[in-house]
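K.L.:
This is the structure I have questions about; it appears just below.
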Amino acid sequence: MSGREEFTFLVGGPAGAGVFRSGLVAAKTLFRHGYYVHGDNEYPSIIRGGHQWMMVKAAKREVYAHGEEVDAVLALDKETVARHRGRVREVIVADESVARGLEGVVAAPLMRSVREVGAPSVAVNMAGLGFVLGLYRGDVGRLEAVIRDVFSKKREVAEVNARVARRAYEYAAEAAGELALEPLSIGEPPRGKIVIDGNSAVALGALAGGLSFYAAYPMTPASPILHLLAELQKEYGLVVVQPESEIAAINMVTGAAYAGARAMTATSGGGFSLMTEALGQAAMTETPVVIVEAMRAGPSTGLPTYTSQADLRFVIHASQGEFPRFVLAPGDPYEAYMAGFDALNLAWKYQVPVIVLTDKYLAEGYWTVDEPPRLEPSEGKVIRGEYRGEEPYKRYKITPDGVSPMAIPGTKGALVTANSSEHGEDGYGSTDPEVVTAMQDKRFRKLSGMIEEANGKGVKTYGGGPLAVVTWGSTKNAVLEATRDMYGVRVVQVLYLSPFPSERLSRELEGADRVLVVEANKTGQLASLLREHLLLEPDGFLGKYDGRPFTPEEVEEWITGFMEG
Amino acid sequence: MDHGIYGGVIVVAEKFDTGRRPVWCPGCGNFGILVALRRALARLGLEPEEVVLVTGIGCHGRMSGYVRANTFHTIHGRVLPLATGIKLANPSLTVIGHSGDGDAYAIGLGHLPHAARRNIDVTLIVHDNMVFGLTTGQATPTTPKGRITRSTPYGNPEEPLNPLFLALASGATFVARGFSGDIAHLEELIVRAIRHEGFSFLDVIQPCATFFNIYREVRRRVYKLEDEGHDTRSLEAAIRKSLETERIPIGVFFETKKPPFRENFPHAMSPPPGQRVPRSVDLSHVWSRYR
Ligand SMILES: Cc1ncc(C[n+]2csc(CCOP(=O)(O)OP(=O)(O)O)c2C)c(N)n1
Ligand code: SF4
Ligand SMILES: [Mg+2]
C-alpha cells in the first residue's frame with residue numbers, strides 16, 4: 001500500500017454548481033482509498049451565483065483541520081482559479097473552456113466527457129473528479145461506487161454521472177504521465193470509521209437517546225438536522241414538525257416533553273434569541289428540553305453561513321432569573337453524537353433544559369471518526385401508567401436531590417400541574433417568601449449532581465507538557481492539528497460549559513506553567529470563564545472573528561511565540 | 001353541588017373543581033367560563049387525568065388553578081404551540097387552551113392561523129374581555145376604536161381585529177363565539193368544540209367587571225345563530241355572520257370535517273411519542289450512509 005501519505009483537494013465554483021456534492025464525493029472516495037478525511041466548505045448566503053468551495057484533506061493518520069495550502073484544485077469557474085491559485089502546490093484542473101487563456105491550469109476535456117456520454121452539463125463536476133482522480137492514479141471503481149451511493153435516490157442520474165466520471169478519468173491518463181504526480185495509495189477504508197458532519201451526528205445521537213419529537217424552524221447552519229430527521233421520521237417513528245417560528249418550535253418541544261416525549265429543537269443564535277423566554281419556562285416548569293444552537297457569526301443576521309464561537313456567554317446566561325442548565329460543547333462529530341445522546345438523558349435525569357452548542361464549522365464540516373456505539377438511554381424519574389403514592393401526587397415535590405418524580409399526563413391517579421409562574425410543590429402559584437425560597441433552593445439542589453456530571457465528562461486532555469492550550473468546540477481541531485508535532489504542549493478541551501467543570505479543569509491544568517486560550521470570538525469568553533471559575537488569568541488569548549475557522553498554521557505560529565519566550 | 005341532568009344521567013362537575021376560591025374580581029366574566037367548562041368536561045364523561053388545560057398569562061390564565069385536570073400554565077401568548085406539542089405527543093389526551101385576547105390576538109397571534117390551517121386537534125377558548133386585565137386595563141387588539149383605556153387616554157387609535165373572520169380565513173374547522181353571561185349556551189358550545197375533531201376556535205365575550213364592563217351592552221346586542229337558522233356548513237354564511245357589527249351573533253359559525261394534523265404521523269403513533277419509554281435504537285442501517 002504505497003502511495004502518498006497526504007492529499008488535499010479543493011473544488012470551487014459558483015453556487016448551484018454542485019460544489020458541496022463534489023466535495024462530499026471526493027471525501028468519500030478518498031476515505032474508501034484508505035484515508036482519514038476532513039471536509040469543510042465556505043459559501044455565501046445565496047442560492048445561485050457567488051463563489052463557494054469545499055476542501056478535503058486526506059491523510060493516512062487522523063486529520064483534524066485544514067492547512068492553508070492545497071495539492072489540487074478543481075475549478076468549475078475562473079473565479080476559483082483566481083481566488084485559490086496562491087495556495088496550490090501541485091495542480092489546477094479546469095474544463096478547456098474555463099482554462100483558456102489561464103496560465104498554469106490543466107485544460108481538461110470535462111465538457112467533452114459530459115457530451116460524449118450524453119449527460120446534462122451539470123455533470124461536469126463529476127467529470128472533474130474523474131479527471132483529478134486520473135491524474136493521481138486513484139481507483140475509478142471506488143469513485144463510481146461513491147457516485148452511485150450519493151445519487152442513490154435517482155438511479156439513472158447516478159449511472160450517467162458515474163459514466164461521465166469514468167470517461168474523464170480515462171482522458172486523464174496522458175496528462176497523468178506528463179505531470180507524474182505522486183499517486184494516491186489504494187487501500188481499504190479505515191476500519192470502524194465513518195465520515196460524518198456534526199449536524200448529522202448530533203441528530204443521530206439524539207435518536208440514540210430516544211428522540212421521538214422534533215420541531216425546528218429553518219436556520220443556517222442548523223437546518224440539515226431538520227432535513228435529516230424529516231427524512232428519517234418514518235423509519236424511526238418520529239414526529240417532525242416545521243412550525244411558524246422558533247418560539248413555536250421551543251414551545252411545541254416543551255409541550256411534547258411535558259406529555260412524555262423526548263423532544264428537541266435546533267437553531268442558530270437568532271432563533272435561540274427568540275427561544276430565550278421559553279428556555280426559562282422549561283427551567284421553571286422543570287420540563288426536559290434539548291436545544292441545539294449551531295453558532296454563526298453575529299451580531300444579528302451577521303454572517304449567516306460563517307462560523308463563530310461568540311454565543312457562549314449568551315447561552316450560559318440566556319433568559320431572566322437564575323436556574324441551572326447544561327451547556328454541552330462537542331468539538332467533533334463523534335462528540336456531537338455523544339452530546340446529542342447525553343443531552344436527552346441529562347435533560348430527563350435532572351429535568352432541566354440542555355443546550356448543545358455547536359457552530360457552523362462543526363455542523364457542516366466532515367470528519368473521520370469512530371462509528372458511534374449503540375447506546376442505552378435511561379428514563380429518569382418518570383411515572384407512567386399509574387401513580388400509587390400514599391399522598392396526592394405533587395409535580396414539584398421537594399426531594400433531597402431536587403428532582404421530583406415526573407408523572408406524564410394521562411397517568412392514573414396523578415394530575416400533572418406545570419406552572420411557569422413560581423409555585424409550590426403542587427404546582428399552584430405562590431408568592432409566599434418561604435415557598436419561593438424553598439422552590440428556588442429545590443431547583444438549585446440539582447446543581448451538585450450536575451456539577452458531578454460536568455467534572456466527570458466535561459474536560460479532555462490531549463498530550464502533556466507544561467504549556468497548556470485550553471480550547472472548546474470545533475476550535476480544538478485546529479489546535480490539535482497545530483500541536484501534533486509540538487513537544488511539551490498539552491491541549492485541554494472543555495466540553496461542559498455549564499455547569500462549569502472547575503474542579504476537573506483545575507486538575508487537568510495542574511503543573512502547567514503557562515495557560516493559553518484559543519477560541520473563535522473577539523472577547524475571550526472561555527478565557528473569562530477561567531477567570532471567573534478558576535481565578536486564573538490566562539497567559540495569552542488567541543481569538544478569531546472573521547467567520548472562518550482557525551487554521552493550524554496561525555495557531556502554531558501563535559503558540560510557538562510562547563515557547564520561545 | 002354543581003350538577004345537571006342530561007338524558008336522565010346526573011353529571012357532576014365537582015370532580016373538575018380544585019376547591020380553590022378564584023381570586024377574580026366580583027362579577028368577572030371568567031367565572032361563567034369556568035363553570036361552563038367544568039360542566040362541559042363532566043358532560044363529556046371525561047376523567048381529569050385525560051384532560052390537559054393549557055393556560056396563558058393574564059386573568060384568564062388562573063383557570064389552571066381552578067380546574068382539576070392536568071394543567072400547564074405557560075408564558076404569555078404561547079398556549080397554542082404548547083398545546084400542539086402535547087396533543088402530538090399524546091393524541092389520547094383532550095387538550096384545551098385558554099388564552100386571553102391579549103394573549104391570543106396580540107403577543108400570540110402568530111400562532112393562531114397556523115394552528116388553524118394545521119387543524120391540530122385542540123380547542124382554543126379565548127377569554128375576550130377586550131382589555132388587558134391583569135396588567136390593569138390597557139387596550140388590546142379587540143378593544144373598540146376610540147375607547148379610552150389606561151394606555152389610550154385620548155381614545156384607542158386602532159381599528160379592532162376581527163378574530164372570527166381571521167379564524168375562518170385561516171381554515172379553522174370549528175369556529176364559534178360564546179358569551180360568559182350565558183353559561184348554559186356556552187357549556188353547549190364548549191361540548192361541541194371539544195367533540196369536534198380538529199382545531200376548534202371559540203371566542204368568548206367575557207366582560208371585565210373592573211376595566212371594561214360591557215354586560216349590559218352585550219346583553220342588548222347579542223343573539224343566537226341557531227335561532228335564526230344559520231347554516232354552519234356554509235363558510236360564506238359564516239364569513240357574513242362574522243362581519244356583522246350592529247348585533248353580536250353567538251353560537252357555532254362554522255363547522256367542517258378535515259383530517260386532524262396527527263394523521264400525518266401514523267408512523268409515529270403506536271405508541272405515540274409521549275407514551276414511549278426510551279429504548280436503545282439500532283442505527284447500523286444509518287451508518288452505512290456515512291462511509
Ligand atoms: C412577554 C410578556 N410581556 C408582557 C407581559 C405582561 N402581561 C401579563 S398579562 C398581560 C396581558 C394579558 O391580557 P389578556 O391576554 O387579554 O389577559 P386578561 O388579563 O385580560 O385575561 C401582559 C401584557 C408578560 N407576562 N409577558
Ligand atoms: S380585572 Fe377584569 S378580567 Fe381580571 S379578574 Fe378583574 S374583572 Fe376579571
Ligand atoms: Mg384580556
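The values are calculated or read from the model by the stated rules, or taken from the named source; none is laboratory data. Note that this is a predicted model, so its numbers are computed, not measured. All Cβ positions, glycine included, derive from the backbone under ideal geometry; neighbour counts span all protein chains shown. Accessible surface areas use protein heavy atoms only, side chains included; no ligands, DNA or RNA. Shrake-Rupley method; radii C 1.70, N 1.55, O 1.52, S 1.80 Å.
K.L.:
Quick check: anything in segment A:217-230 at the interface with chain B (Cβ under 7 Å from one of its Cβ atoms), at pLDDT 95 or above and either surrounded by fewer than 23 Cβ atoms within 10 Å (Cβ to Cβ) or under 18 Å from B:Arg262 (Cα atoms) (or both)?
P.N.:
The answer is no, given that none of the residues of segment A:217-230 is at the interface with chain B (Cβ under 7 Å from one of its Cβ atoms), at pLDDT 95 or above and either surrounded by fewer than 23 Cβ atoms within 10 Å (Cβ to Cβ) or under 18 Å from B:Arg262 (Cα atoms) (or both).
K.L.:
What's the total number of residues in segment B:1-19 that are over 22 Å from the mean Cα position of the chain (by Cα) and at pLDDT 95 or above?
P.N.:
So the count comes out to 1.
K.L.:
On the given criteria, is B:Arg233 over 19 Å from the mean Cα position of the chain (by Cα) and over 20 Å from B:Asp121 (Cα atoms)?
P.N.:
Spelling it out, it is not the case that B:Arg233 is over 19 Å from the mean Cα position of the chain (by Cα) and over 20 Å from B:Asp121 (Cα atoms).
K.L.:
Pick from A:Asp71, A:Asp77, A:Asp40, A:Asp95: which is under 20 Å from the mean Cα position of the chain (by Cα) and among the charged types (D, E, K, R)?
P.N.:
Answer to the check: A:Asp40.
K.L.:
Within segment A:17-51, take every residue that is in a loop (DSSP other than H, G, I, E, B) and more than 21 Å from A:Ala363 (Cβ to Cβ) and give me the one that is most open to solvent (accessible area, probe 1.4 Å).
P.N.:
Restricting to residues being in a loop (DSSP other than H, G, I, E, B) and more than 21 Å from A:Ala363 (Cβ to Cβ), the top hit is A:Arg48.
K.L.:
Of all the residues that make up segment A:395-440, how many are open to solvent by 10 Å² or more (accessible area, probe 1.4 Å), touching a residue at least 40 places away in the same chain (Cβ under 8 Å) and in a helix (DSSP H, G or I)?
P.N.:
2
K.L.:
Among A:Phe341, A:Phe326, which is the only one that is out of contact with any strand residue (DSSP E or B) (no Cβ under 8 Å at 6 or more places or on another chain) and in contact (Cβ under 8 Å) with a residue 60 or more places away in the chain?
P.N.:
A:Phe341
K.L.:
Determine which single condition B:Gly77 fails, assuming it passes every other condition in (1) in contact (Cβ under 8 Å) with a residue 40 or more places away in the chain; (2) within 16 Å of ligand 3 (Cβ to nearest atom); (3) buried (at least 24 other Cβ atoms within 10 Å of the Cβ).
P.N.:
Failed condition: (1).
To keep it simple, each residue is scored yes or no on (1) part of a helix (DSSP H, G or I); (2) away from chain B (no Cβ under 13 Å); (3) farther than 30 Å from A:Lys544 by Cα.
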site: A:Pro324; (1), (2), (3): no, yes, no
site: A:Pro330; (1), (2), (3): no, yes, no
site: A:Ala336; (1), (2), (3): yes, no, no
site: A:Lys349; (1), (2), (3): yes, no, yes
site: A:Tyr361; (1), (2), (3): yes, yes, no
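K.L.:
For segment A:309-338: of the residues being open to solvent by 10 Å² or more (accessible area, probe 1.4 Å) and among the small types (Gly, Ala, Ser), which is farthest from A:Ser223 (Cα to Cα)?
P.N.:
Looking at the filtered set, the residue picked out is A:Gly321.
K.L.:
Under 7 Å between Cβ atoms, which residue pairs at least 6 apart in sequence (or on different chains) link something in segment A:158-175 that is within 13 Å of A:Arg142 (Cα to Cα) with a partner that is open to solvent by 50 Å² or more (accessible area, probe 1.4 Å) and not hydrophobic (A, V, I, L, M, F, W, C)?
P.N.:
Listed pairs, sorted by first residue: A:Ala162/A:Arg148.
K.L.:
Here's another thing I want to ask about it. Tell me which residues, restricted to segment B:47-64, are open to solvent by 10 Å² or more (accessible area, probe 1.4 Å) and within 9 Å of another protein chain (Cβ to nearest Cβ).
P.N.:
Scanning segment B:47-64 gives B:Glu47, B:Glu49, B:Glu50, B:Ile57, B:Arg62, B:Ser64.
K.L.:
Kindly indicate which of B:Asn119, B:Asn156 is in contact with a Ser or Thr (Cβ under 8 Å, 6 or more places away or on another chain), free of Cβ contacts under 8 Å to residues at least 40 places away in the same chain and farther than 22 Å from B:Gly29 by Cα.
P.N.:
Of B:Asn119, B:Asn156, the one residue that is in contact with a Ser or Thr (Cβ under 8 Å, 6 or more places away or on another chain), free of Cβ contacts under 8 Å to residues at least 40 places away in the same chain and farther than 22 Å from B:Gly29 by Cα is B:Asn156.
K.L.:
Please work out which residue is most open to solvent (accessible area, probe 1.4 Å), limiting yourself to segment A:234-243 and to residues that are in contact (Cβ under 8 Å) with a residue 12 or more places away in the chain and farther than 14 Å from B:Pro271 by Cα.
P.N.:
Residue satisfying both the conditions and the ranking: A:Gln242.
K.L.:
Is it the case that B:Arg150 is within 14 Å of chain A (Cβ to nearest Cβ) and either open to solvent by 20 Å² or more (accessible area, probe 1.4 Å) or within 12 Å of ligand 1 (Cβ to nearest atom) (or both)?
P.N.:
no
K.L.:
Taking segment B:114-130 as the search range and keeping residues that are within 16 Å of ligand 3 (Cβ to nearest atom) and in a strand (DSSP E or B), which one is nearest to the other protein chains (Cβ to nearest Cβ)?
P.N.:
Going through the qualifying residues, I end up with B:Leu124.
K.L.:
Filter segment B:82-105 down to the residues that are touching a strand residue (DSSP E or B) at 6+ places or on another chain (Cβ under 9 Å) and within 9 Å of another protein chain (Cβ to nearest Cβ) and list them by number.
P.N.:
B:Leu82, B:Ala83, B:Thr84, B:Gly85, B:Ile86, B:Lys87, B:Leu88, B:Ala89, B:Asn90, B:Leu93, B:Val95
K.L.:
Give, as residue ranges, the strands (runs of 3 or more DSSP E) completely inside segment B:173-285 that count at least 1 residues that are surrounded by 15 or more Cβ atoms within 10 Å (Cβ to Cβ), within 16 Å of ligand 3 (Cβ to nearest atom) and more than 14 Å from every other protein chain (Cβ to nearest Cβ).
P.N.:
B:174-179, B:200-205
K.L.:
Considering B:Leu41, B:Leu53, B:Leu46, which residue is away from ligand 3 (no atom under 16 Å from the Cβ), within 23 Å of A:Pro392 (Cβ to Cβ) and assigned to a loop (DSSP other than H, G, I, E, B)?
P.N.:
The match here is B:Leu46.
K.L.:
Taking B:Ala139 as meeting all but one of (1) free of Cβ contacts under 8 Å to residues at least 24 places away in the same chain; (2) surrounded by fewer than 22 Cβ atoms within 10 Å (Cβ to Cβ); (3) among the small types (Gly, Ala, Ser), write down the number of the exception.
P.N.:
Among (1) free of Cβ contacts under 8 Å to residues at least 24 places away in the same chain; (2) surrounded by fewer than 22 Cβ atoms within 10 Å (Cβ to Cβ); (3) among the small types (Gly, Ala, Ser), the lone unmet condition for B:Ala139 is (2).
K.L.:
Next question, about the same structure. Which of (1) over 30 Å from A:Ala108 (Cβ atoms); (2) open to solvent by 10 Å² or more (accessible area, probe 1.4 Å); (3) over 24 Å from the mean Cα position of the chain (by Cα) is the odd one out, the single condition A:Lys193 does not satisfy?
P.N.:
Tallying (1) over 30 Å from A:Ala108 (Cβ atoms); (2) open to solvent by 10 Å² or more (accessible area, probe 1.4 Å); (3) over 24 Å from the mean Cα position of the chain (by Cα), A:Lys193 fails exactly one: (3).
K.L.:
Right, next: What's the total number of residues in segment B:131-143 that are near ligand 3 (Cβ under 9 Å from one of its atoms) and either within 11 Å of another protein chain (Cβ to nearest Cβ) or not hydroxyl-bearing (Ser, Thr, Tyr) (or both)?
P.N.:
Qualifying residue count, segment B:131-143: 4.
K.L.:
crowded, with 24+ Cβ neighbours inside 10 Å and either among the charged types (D, E, K, R) or within 12 Å of ligand 1 (Cβ to nearest atom) (or both): is that true of B:Gly85 in this structure?
P.N.:
No; evaluated as a whole, the condition is false for this residue.
K.L.:
Considering every residue within segment A:448-465, establish whether at least one is farther than 18 Å from A:Ala347 by Cα, open to solvent by less than 20 Å² (accessible area, probe 1.4 Å) and within 14 Å of another protein chain (Cβ to nearest Cβ).
P.N.:
Checking segment A:448-465: not a single residue is farther than 18 Å from A:Ala347 by Cα, open to solvent by less than 20 Å² (accessible area, probe 1.4 Å) and within 14 Å of another protein chain (Cβ to nearest Cβ).
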